[in-house]
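S.K.: Could you have a look at this structure, given as structure tokens, before my questions?
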Amino acid sequence: MAMSAATTQSFLLNNKTTRQNYQTLKSATHIAAFPSTHVHPTTTLTSTYKSMSISCSAAASTTTTPLQTPPSTSSDRVFNFAAGPATLPENVLQKAQADLVNWRGSGMSVMEMSHRGKEFLSIIQKAESDLRTLLNISDEYAVLFLQGGATTQFAAIPLNICSPDDAVDYIVTGSWGDKAYKEAAKYSKPNVIWSGKSEKYTKIPNFDSLVQNPDAKYLHICANETIHGVEFKNYPTPLNEKTILVADMSSNFCSKPVDVSKFGIIYAGAQKNVGPSGVTIVIIRKDLIGNAQESTPVMLDYKIHAENNSLYNTPPCYGIYMCGLVFEDLLDQGGLVEVEKKNQKKAQILYDAIDSSNGFYRCPVEKSVRSLMNVPFTLAKPELEAEFVKTAAGEKMVQLKGHRSVGGMRASIYNAMPLAGVEKLVAFMKEFQAKHG
């Protein structure tokens, strides 16, 4: 096997049998490739250097080629059904790759830019503008790009909206709604007006039957429960017009049109549908800003972030940039009306496969509130679940294991999951059933 100069180093560092000869080979290789600057201290040099080749066998290469990484193609990528961080649009990744080292001729990567420089300001302003277009967000609302995940907002919301003795209402339809309620208890007086825990979080209540507190500062929901696969198809109206509706939309954010004007606050971690981990988006009605409890940490005070246009401190610059690319992509697809149609089609195919399996696969969620984003299912023979996950991974379908708290399987089919991925999963499920049913 012949080894070119450019590939010698990577080859040797990964082969134990030739590692002891590394220094000698490295010296000769660098003399051939970079005679004026790379000289090993133990090498005796002549005044004129000639190109040479390094051979590990009788066949020797006579040319030196630069070290290159083969470009990734669609065939190299898996179908990633992870709940988050999750799959991103391949065309978005390719665009980011093309601009990684030198963003639009700036001579810098986005990762190197000052967050107060004109280059990054153009990025964050464009991202906000495109998000406003996607969701038709009026000027009555501020859009904040923050950090800390949606979990941090579990505390930030009551700290900014309530006094410690104020009542707030929570509808708990899954694990994340429950976590939000428990965190709010540290900073307000929350009341769970409905919980689906006794039915293992498989339903959403009839809104007319809810007993709301007329004095509640806000009514909180989790619009889509990532773990349990329960999604609100419409939204409750607070009893008191002064009570605001607050929604954690982390796992269905930008998956369909939403009437933002019905909400006082919408918040979402970006890592499921619109970007990588590290960015948290908060959409808040401006009249709600500026009333934080005195003990509110500065980094949780919406007023600070709104006044500084999300630039009070260094934001997650690259994550915001990636979100901006995703927003562009969603607009290019025709906006959220078209995106929702694609999501409905993917979900229908998968749920139909589950429901038509004669009980081999089962989805526990009530059909009227099944999530378009997160599809949990179990096997009639639980002992086959580990084999299902392993075999699917061998077929380039990964992260299908259910959340550790509920078990089974879960396929997260966010915006960026292509129809082909769902079709391949359904075909695999049918083959697996034919073999084991």
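S.K.: Please give the number of the condition Y201 fails out of (1) buried (at least 17 other Cβ atoms within 10 Å of the Cβ); (2) assigned to a strand (DSSP E or B).
M.R.: (2)
S.K.: Which ones in the stretch 179-214 are β-branched (V, I, T) and touching a Gly at 6+ places or on another chain (Cβ under 8 Å)?
M.R.: If we filter the stretch 179-214 for residues that are β-branched (V, I, T), which is where we start, we get 192-193, 202, 204, 211.
If the condition is that a residue be β-branched (V, I, T) and touching a Gly at 6+ places or on another chain (Cβ under 8 Å), then T202, I204 are the ones that fit.
S.K.: Would the stretch 324-339 turn up any residue that is over 30 Å from K424 (Cα atoms) and part of a loop (DSSP other than H, G, I, E, B)? Step through it out loud before you land on a result.
M.R.: As a first pass, look at the stretch 324-339 and keep what is over 30 Å from K424 (Cα atoms): none.
Scanning the stretch 324-339, I find no residue that is over 30 Å from K424 (Cα atoms) and part of a loop (DSSP other than H, G, I, E, B), so the answer is no.
S.K.: Right, something else. Does S255 satisfy the condition of being within 30 Å of L88 (Cβ to Cβ), out of contact with any strand residue (DSSP E or B) (no Cβ under 7 Å at 6 or more places or on another chain) and assigned by the TED database to the domain that holds E140? Give the derivation first.
M.R.: On the way: within 30 Å of L88 (Cβ to Cβ): yes; out of contact with any strand residue (DSSP E or B) (no Cβ under 7 Å at 6 or more places or on another chain): yes; assigned by the TED database to the domain that holds E140: yes.
Yes.
S.K.: Of all the residues that make up the stretch 394-418, how many are open to solvent by 50 Å² or more (accessible area, probe 1.4 Å) and of a type outside the set (S, T, N, Q)? Can you show your working first?
M.R.: First, pick out the residues of the stretch 394-418 that are open to solvent by 50 Å² or more (accessible area, probe 1.4 Å): 394-396, 399, 401, 404-406, 418.
Of the ones still in play, those that are also of a type outside the set (S, T, N, Q) are 394-396, 401, 404, 406, 418.
The qualifying residues number 7.
S.K.: Given (1) assigned by the TED database to the domain that holds K430; (2) in a helix (DSSP H, G or I), where does G319 come up short, assuming only one miss?
M.R.: (1)
S.K.: A further question follows. Tell me which residues, restricted to the stretch 138-174, are of a type in the set (S, T, Y) and touching a Phe, Trp or Tyr at 6+ places or on another chain (Cβ under 7 Å).
M.R.: Initially, the stretch 138-174 is screened for residues of a type in the set (S, T, Y), giving 138, 141, 151-152, 163, 170, 173.
Once the filter is applied, which keeps residues that are of a type in the set (S, T, Y) and touching a Phe, Trp or Tyr at 6+ places or on another chain (Cβ under 7 Å), the stretch 138-174 yields Y170, T173.
S.K.: Give T391, T378 a once-over and let me know the one that is farther than 27 Å from C254 by Cβ, in the same structural domain as K342 (by the TED database), polar (S, T, N, Q) and in contact with a Lys or Arg (Cβ under 6 Å, 6 or more places away or on another chain).
M.R.: On the way: T391 fails: in contact with a Lys or Arg (Cβ under 6 Å, 6 or more places away or on another chain).
Of the residues listed, the single one that is farther than 27 Å from C254 by Cβ, in the same structural domain as K342 (by the TED database), polar (S, T, N, Q) and in contact with a Lys or Arg (Cβ under 6 Å, 6 or more places away or on another chain) is T378.
S.K.: Here's another thing I want to ask about it. Return a yes/no flag: does the stretch 168-189 have any residue that is open to solvent by 40 Å² or more (accessible area, probe 1.4 Å), of a type in the set (S, T, N, Q) and assigned by the TED database to the domain that holds P315. Explain how you work it out, then say what you get.
M.R.: Restricting attention to the stretch 168-189, the residues satisfying the condition of being open to solvent by 40 Å² or more (accessible area, probe 1.4 Å) are 176, 179, 181-183, 185-187, 189.
Okay, now just the ones that are also of a type in the set (S, T, N, Q), so none.
Taking every residue of the stretch 168-189 in turn, none turns out to be open to solvent by 40 Å² or more (accessible area, probe 1.4 Å), of a type in the set (S, T, N, Q) and assigned by the TED database to the domain that holds P315.
S.K.: On to the next question. Of everything in the stretch 407-437, what is part of a loop (DSSP other than H, G, I, E, B) and over 18 Å from L330 (Cα atoms)? Give them in sequence order. Break it down stepwise before answering.
M.R.: So the first thing to find is which residues in the stretch 407-437 are part of a loop (DSSP other than H, G, I, E, B), and the list is 407-408, 413-418, 437.
Within the stretch 407-437, G407, G408, G437 meet the criteria.
The values are calculated or read from the model by the stated rules, or taken from the named source; none is laboratory data. Everything numeric in this text was worked out from a predicted model, so none of it was measured. Neighbour counts run over all protein chains shown; Cβ positions are idealised from the backbone, glycine included. Surface accessibility is based on the protein's heavy atoms, side chains included, excluding ligands, DNA and RNA. Shrake-Rupley method; radii C 1.70, N 1.55, O 1.52, S 1.80 Å.
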